[in-house]
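Heads up, the thing below is written out as structure tokens.
The values are calculated or read from the model by the stated rules, or taken from the named source; none is laboratory data. Computed from a predicted structure; not experimentally measured. Cβ placement follows ideal geometry from the backbone for every residue including glycine, while neighbour counts extend to all protein chains displayed. Just the protein is used for accessible areas: all its heavy atoms, side chains included, with ligands, DNA and RNA removed. Shrake-Rupley method; radii C 1.70, N 1.55, O 1.52, S 1.80 Å.
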Amino acid sequence: MKDITKYQGVIPAFYACYDAEGNISTEGVRALTRHLIAKGVKGVYVGGSSGECIYQHVDERKAVLEAVMSEAKGKLTVIAHVGCNNTADSVELARHAESVGVDAIASIPPIYFHLPEYAIAKYWNEMSAAAPNTEFVIYNIPQLAGTGLTMSLLREMLKNPNVVAVKNSSMPTQDIQMFKDAGIAARGEGNFVVFNGPDEQFVSGRVIGADGGIGGTYAVMPELYLAMNEHINKGEIEAARAIQYDADRIIYKMCEAHGNLYAVQKEILRRMCGLELGGVREPMPSLIPEDEPIVAEAQAMIEAAIAKL
């Protein structure tokens, strides 16, 4: 039996942290890690979409992970996303992630070119082979990667014993059930995990069978997702749904800004918690003065929702 309890719960997708010049701020990384530990989350997902991974160099991604591990090791479950636009860099990051002691590595499929399934499997398996003592999470986000996880590709990947989970960010919650059924058929009950990805349907994903969630808005309002998760564990679906509605309205408000969602969230964390995490890396759009009322209203909505818990 694998220990899947370390993956059950609320796992924020970790934000990219920059200094005033736009360089990686390891001080910011450590501060955000400490903040999330104090909030009581289960773990962190480092170097994914929220970490702006596709806009960072390999050495920068290593530095971020090392800074996270300096604070999180033994305190949080750490999943490192290691996918890059080429296999060699992905393998390098996978090997590095294992060397610093992460719980699992993860990867999206190769982006841009629509590759055949056997090429995608080879890409993932080569990363896994570079971290042979580390569990592997498939990241399914077809709306951004351009390639979706099919049942045939999942069955092929389940031949690799290190594959323990799917982070599912496709919108149909049905996919969670299908992936989980396939994983349990191959591994047995209690040996395979599916994470809910879309934050707007955390409750729906958990109710249909997701073991936990990994999401890009968890870090700005972890209290809400932790409360949802607790209500779900107790079977209190109506209470969980009410908090989900609050979280969704906050997400919709933050998405009204000219600046990217992550720029909005990092600014809210600066105002609410004193965290200096910088902006976002181009070509992602930064905040503009006209975003001020949106940021202020979203912050007020978060504070009001937390006060209701």
| field | Pairwise centroid distance, computed over Cα atoms, of the range 166-198 with the range 245-275, Å | value | 29 Å
| Residue-span extension gain [TYR118 to TYR252] - 0.36 nm each, minus C-alpha spacing | 44.4 nm
| message | Of the listed values (1) 14.4; (2) 33.5; (3) 22.9, identify the label whose number matches mean projected area of the Cα convex hull in nm² calculated from this model. | response | (1)
| Cα lying deepest toward the dipole's positive end in the range 8-233, options VAL29, PRO132, PRO116, charges on Cβ | PRO132
| query | Rounded to the nearest 500 deg cm²/dmol, what is the calculated helix-only ellipticity per residue at 222 nm for the chain, with -39500 (n - 2.57) per DSSP H run of length n ≥ 4? | reply | -15000 deg cm²/dmol
| note | the range 25-61 and the range 111-148 have their Cα centres apart by a whole-number Å value of 21 Å
| note | One quarter of the C-alpha convex hull surface, i.e. the mean projected area of the range 136-241 in nm², amounts to 6.7 nm²
| query | Expressed as a whole percentage, what fraction of the accessible surface of the range 217-295 belongs to carbon and sulfur atoms when a 1.4 Å probe is rolled over the protein heavy atoms? | reply | 51 percent
| field | Within straight-line cross-link reach of LYS180, lysines at Cα separation under 23 Å, skipping those fewer than 8 residues along the same chain | value | LYS2, LYS6, LYS42, LYS122, LYS159, LYS167, LYS234
| said: Less than 13 Å apart at the alpha-carbon level, and either on another chain or at least 8 residues along: which aspartates and glutamates does that give for LYS253? | reply: GLU200, ASP291, GLU292, GLU297
| task | Counting only GluC sites (Glu not before Pro) that are in a DSSP loop and have at most 15 other C-beta atoms within 10 Å, tell me the longest site-free stretch of the chain. | result | 22-188
| task | Would you mind getting the accessible area per residue of the range 8-233, heavy atoms of the protein chains only, 1.4 Å probe, in Å²? | result | 37 Å²
| query | Tell me, what is the FRET efficiency for LYS159 and ALA296 to the nearest 0.05, using R0 = 45 angstrom and their Cβ-Cβ distance as r? | reply | 0.30
| task | Just flag the trypsin sites (Lys or Arg not before Pro) in the range 129-200 sitting in loop per DSSP whose Cβ has no more than 10 other Cβ atoms within 10 Å. | result | LYS159
| field | Pairwise label distance in nanometres, SER70 with ALA304, each label 7 Å out on the Cα-Cβ vector | value | 4.0 nm
| request: Run the accessible area of the range 8-102 with a 1.4 Å probe and give the carbon-and-sulfur part as a rounded percent. | output: 45 percent
| field | Relative contact order (%) - the chain, alpha-carbon pairs under 8 angstrom, separation at least six | value | 18 percent
| remark: Counting only DSSP beta bridges with both partners in the range 8-233, the antiparallel fraction in percent, to the nearest 5, comes to 5 percent
